[in-house]
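A short worksheet on the structure shown next.
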Amino acid sequence: LSPGCRGAQGRLAYKLLHDLFANYSSALRPVEDTDRALNVTLQVTLSQIIDMDERNQVLTSYLWVRQTWLDAHLTWDKDEYGGIDSIRIPSSYVWRPDIILYNNADEHFGGSMETNVVLRSDGHIMWDSPAITKSSCKVDVSYFPFDGQRCRLTFGSWTYNGNQIDLRNQLDTADLTDFVENVEWEVLGMPATRNVITYGCCSEPYPDVTYTLLLRRRASFYVFNLLLPCIMVSFLAPLGFYLPADSGEKVSLGVTVLLALTVFQLLVAESMPPSESVPLIGKYYIATMTMITASTALTIFIMNVHHCGPGARPVPPWARRLILHHMARLCCVYEVGESCKSPQRALGGRAGVGDAGGPGESPGEGPVGTEGRGCPWDHCLCHHDALLSNVGYIAGCFRRHRANQRRTGEWKKVAKVMDRFFMWVFFLMVFLMSVLVLGNAA
């Protein structure tokens with residue numbers, strides 16, 4: 001078009017705007033018959049999920065809201081105005097339906113942005129407005145971090161009932177073509193449903209359009225930062241039974257693992273809402289901490305068995321049969337060598353010692369009955385009895401020492417067998433708990 005034609009179009013547009021709003025009021029519902037309902041069509045485009053606050057149960061999202069309706073007072077013949085079929089004017093010039101988000105959780109309660117509307121010659125108005133909404137969302141964290149959420153966004157008129165405004169959804173689902181992918185949540189869909197509800201305050205029905213946002217959490221971040229460290233730390237707890245009892249680190253290892261799991265539990269509790277439903281990972285932490293507490297208590301008991309002194313009573317026969325025979329073979333616990341000699345061999349040794357000092361004659365002495373420097377043989381029986389009593393006392397002390405060593409060794413072996421048995425039991429428990437957590441998540 002030439003510059004003159006463009007100028008003529010501009011003058012016609014100003015004339016059209018003046019003619020349309022000369023006697024127009026944006027305060028009244030634009031219908032010819034006030035007894036008829038005005039049809040308003042709603043369509044929502046999800047652009048971005050800004051934040052999901054699980055603790056406060058608030059979803060912050062960026063939406064594009066499109067509303068279309070027919071204004072019977074804003075029509076014109078486009079041939080009279082140079083073929084102008086549509087104009088764009090500020091939304092404050094025309095009547096707008098008071099469509100709001102029912103489950104709004106914003107403390108400032110901000111509405112849509114004041115954008116222009118597209119007004120067509122047949123009276124149809126299309127109003128596209130972007131909005132950052134904060135909506136309340138009931139969060140179920142029972143399967144955190146493998147959970148999914150269903151957040152509802154309910155739009156409806158605040159003052160007009162169903163007899164005045166008939167609100168309908170344009171499509172059966174929200175538009176997700178321009179959605180920006182979220183790093184934490186995956187959007188599975190956003191279906192739309194129309195509901196007509198009669199509230200307790202009023203007898204008239206109120207229609208609304210509810211969009212249900214189906215979300216699934218991307219669990220890789222929480223698996224690598226919360227779940228895998230917990231699994232690896234929990235596998236350290238059974239290794240405390242493998243530590244030698246004389247190392248002095250068995251109890252401290254269990255306490256250190258328990259403190260590490262407590263820190264992880266606090267990290268999860270800070271981000272979860274204080275509800276009765278315990279998250280899946282929280283249940284795993286509690287079960288693991290209970291297991292580690294039990295293992296630490298058993299370690300203290302086994303260390304007490306290991307350090308049984310010489311004054312302890314012998315190992316009971318049932319314990320010797322069950323633990324030292326069956327459980328030792330089951331847990332592959334074998335002794336390197338025996339530390340005690342047989343009583344027959346010990347007696348033979350003592351007899352040899354007695355024979356070595358038996359003759360009682362001094363060097364250079366002759367046959368029995370001869371006299372030397374000492375007393376005669378028949379007068380040395382008293383010395384021979386004293387020597388035998390001293391040797392018998394030493395042999396008795398040695399036998400008691402050997403018996404105490406054997407009794408202490410048996411208790412140490414009992415403690416070692418119990419250590420190995422509980423180590424495999426707790427390894428199996430950790431493995432089963434990990435499999436149960438992953439199974440419940442699936």
Net charge near residue 105 (other residues with Cβ under 14 Å of its Cβ; Lys, Arg +1; Asp, Glu -1) is -1
For 18, 307, the accessible-area ranking with a 1.4 Å probe, largest leading, is 18, 307
Counting sequence-distant residues (5 or more places) and residues on other chains, those with an amide H built under 5 Å from that of residue 166 are 38, 39, 40
Restricting to lysines and to Cα separations under 17 Å from residue 412, and discarding same-chain partners fewer than 8 apart, the set is 250
The range 86-142 and the range 34-62 have their Cα centres apart by a whole-number Å value of 9 Å
Non-local residues with an amide H under 5 Å from the amide H of residue 147, with H modelled 1.01 Å from N and Pro and chain starts lacking one, are 217
As straight-line cross-link partners of residue 15, the qualifying lysines (C-alpha separation under 20 Å, not fewer than 8 residues apart within one chain) are 78
Once Lys and Arg are counted +1 and Asp and Glu -1 for all other residues with Cβ under 14 Å from that of residue 184, the total becomes -3
Reported to the nearest 10 Å², residue 400 has, with a 1.4 Å probe, an accessible area equal to 130 Å²
Karplus-derived 3J(HN,Hα) from phi for the range 14-28 (6.51 cos²θ - 1.76 cosθ + 1.60, θ = phi - 60°), whole Hz, x at Gly and Pro, runs 5, 5, 4, 5, 5, 5, 5, 9, 5, 10, 9, 10, 8, 8, 9
Excluding residues fewer than 8 positions from residue 138 in its own chain, the lysines with Cα under 28 Å of it are 283
With x for Gly and Pro, the residue-by-residue ³J(HN,Hα) of the range 87-97, computed from phi through the Karplus equation 6.51 cos²θ - 1.76 cosθ + 1.60 at θ = phi - 60° and given in whole Hz, is 9, 10, 10, x, 5, 6, 6, 10, 5, 10, x
Diffing the range 216-226: the Karplus 3J(HN,Hα) column from phi (6.51, -1.76, 1.60, θ = phi - 60°), in whole Hz with x for Gly and Pro, holds 9, 6, 7, 8, 5, 4, 6, 5, 7, 10, 10
By accessible area (1.4 Å), largest first, 157, 220 order as 220, 157
Contour minus Cα-Cα span, residue 313 to residue 440, at 0.36 nm per residue, comes to 40.8 nm
The set of residues whose placed amide H lies less than 5 Å from the amide H of residue 71, leaving out same-chain residues fewer than 5 positions away, is 124, 125
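The values are calculated or read from the model by the stated rules, or taken from the named source; none is laboratory data. Keep in mind the model is a prediction, meaning the values are calculated, not measured. Cβ sites come from the backbone with ideal geometry, for glycine too, and all protein chains shown count toward neighbours. Keep in mind that these areas ignore ligands, DNA and RNA; they rest on the heavy atoms of the full protein, side chains included. Shrake-Rupley method; radii C 1.70, N 1.55, O 1.52, S 1.80 Å.
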